[in-house]
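Contents: one structure, followed by commentary.
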Amino acid sequence: MTESDASYHGSLIRKIRKAQNLSLDELAKKTGLSLSFLSQLERGKTNPSINALRKIANALECPLTTFFTETFSTNGPVLRKAERRVLINTESRLTYQLLSRDLNRRVELLHTQLEVGATSAEKAMSHKGDEAALILQGEGRFEVGDKVYDLKEGDSIYILENTPHKFTNIGKCPLIIVGAISPPGF
């Protein structure tokens, strides 16, 4: 993320937080993030990770896609590859591409790539909406609730809403996943 992304994210977070009459201290408690980090973020002094944005989105009860800087075009049902919204987290070597053109539908589609040895999050996280995922390439270890599943190319998994989960690339090539979330809430 660039410096302009940090400024965009910070001002948008502040705007949503204030609209909900939530203090910065209350947001810190809801997210588990430090007050100083959130303050720096709102002032555009630091770039948030995907995990930090996800915690903030959950606390503010908005989809993570709220923090993508590009705007959606709703010109028909087709989304071209060059039009995808991309969110990259260099800390975890994780890339999400939003494959849905319009989040005002019943399903959200994502393309996820996780580099060798990388994990999607420090600890398992949950979100609104049921999720289904198909492994297109590689091998992944999925921690879902208190269970662990090792999946390979062609395998799929279904995760119920609000179930803590994370995944790790345990293969020798990038792990590529296509997933759907319903209702949209990424």
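So the values come out like this:
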read-out: Some residue of the range 146-153 being of a type in the set (D, E, K, R) and touching a residue at least 24 places away in the same chain (Cβ under 8 Å); value: no
read-out: Verdict on LEU87 being touching a residue at least 24 places away in the same chain (Cβ under 8 Å), farther than 25 Å from LEU60 by Cα and under 14 Å from the mean Cα position of the chain (by Cα); value: no
read-out: Counted residues, the range 14-59 - those being of a type in the set (S, T, N, Q) and not in a helix (DSSP H, G or I); value: 7
read-out: Selected residue (only one of ALA180, ALA133, ALA121 is in contact with a helix residue (DSSP H, G or I) (Cβ under 6 Å, 6 or more places away or on another chain) and under 23 Å from LYS55 (Cα atoms)); value: ALA121
read-out: Residue that is buried (at least 16 other Cβ atoms within 10 Å of the Cβ) and part of a loop (DSSP other than H, G, I, E, B), where the choices are ARG106, ARG101; value: ARG101
read-out: Selection from the range 41-85 of residues that are surrounded by fewer than 20 Cβ atoms within 10 Å (Cβ to Cβ), in contact with a His (Cβ under 9 Å, 6 or more places away or on another chain) and at pLDDT below 75; value: THR69
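The values are calculated or read from the model by the stated rules, or taken from the named source; none is laboratory data. Nothing here was measured: the structure is a model prediction, and the numbers come from that model. All Cβ positions, glycine included, derive from the backbone under ideal geometry; neighbour counts span all protein chains shown.
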